[in-house]
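A quick write-up on the structure given underneath.
Any read-out appearing in this document is the output of simple, stated calculations on the displayed coordinates, not a laboratory observation. Since this is a predicted model, take the numbers as computed values, not measurements. Note: ideal-geometry Cβ built from the backbone for every residue, glycine included; neighbour counts use all protein chains shown.
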Amino acid sequence: MEIFFDYDQQNDSLFAYKKAKIKGSIDIGYFIIDISTQGKVVGVEILDVSEVLKNLGISDPKEFLDNIKRAGFRAVYQHDSIIIYFMIAHLME
């Protein structure tokens with residue numbers, strides 16, 4: 001299933017999502033995880049994404065976010081947990 005993304009500069013949020021019917025969401029710190037009616041992760045939103053990137057060592061988060069080429073995620077389901085990998089690709093000058 002294709003993953004889309006949207007960076008909202010005004011609200012400083014980055015959202016990667018699959019087009020699917022949402023059953024509910026889970027808020028965890030800077031992250032909102034959307035769960036489908038089938039119980040699968042179909043969306044991940046990062047709030048205050050500039051701050052999150054700074055904490056990860058990105059020196060100029062605004063420049064980084066203005067040049068995003070692609071964003072996505074992968075959910076790995078284990079016995080009683082889910083590991084979510086979030087990826088961001090951006091253009092380098």
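What is the Cα radius of gyration of the chain over 2.2 N^0.38 Å, N being its residue count? If you can, show how the numbers build up before the last one.
Details: Rg = 13.5 Å, N = 93, 2.2 N^0.38 = 12.3 Å.
Normalised Cα radius of gyration, the chain: 1.10.
Counting only helical runs of four or more DSSP H residues, what would the 222 nm mean residue ellipticity of the chain come to if each run contributes -39,500 (n - 2.57) and the total is spread over all its residues?
Details: 2 runs with 13 residues, N = 93.
Taking each H run of at least 4 residues, the total per residue is -3500 deg cm²/dmol.
Just how many pairs of Lys in the chain have C-alpha atoms closer than 18 Å, counting pairs that are eight or more places apart or on different chains?
6
Taking DSSP loops as anything outside H, G, I, E and B, show the longest stretch in the chain free of trypsin sites (Lys or Arg not before Pro) there with at most 13 other beta carbons within 10 Å. Please list the in-between numbers first.
Working: sites that count: 19, 21.
Maximal segment without exposed cleavage sites: 22-93.
Work out the FRET efficiency for residue 18 and residue 69 from their Cβ-Cβ distance, taking R0 = 22 Å, and round it to the nearest 0.05.
0.75
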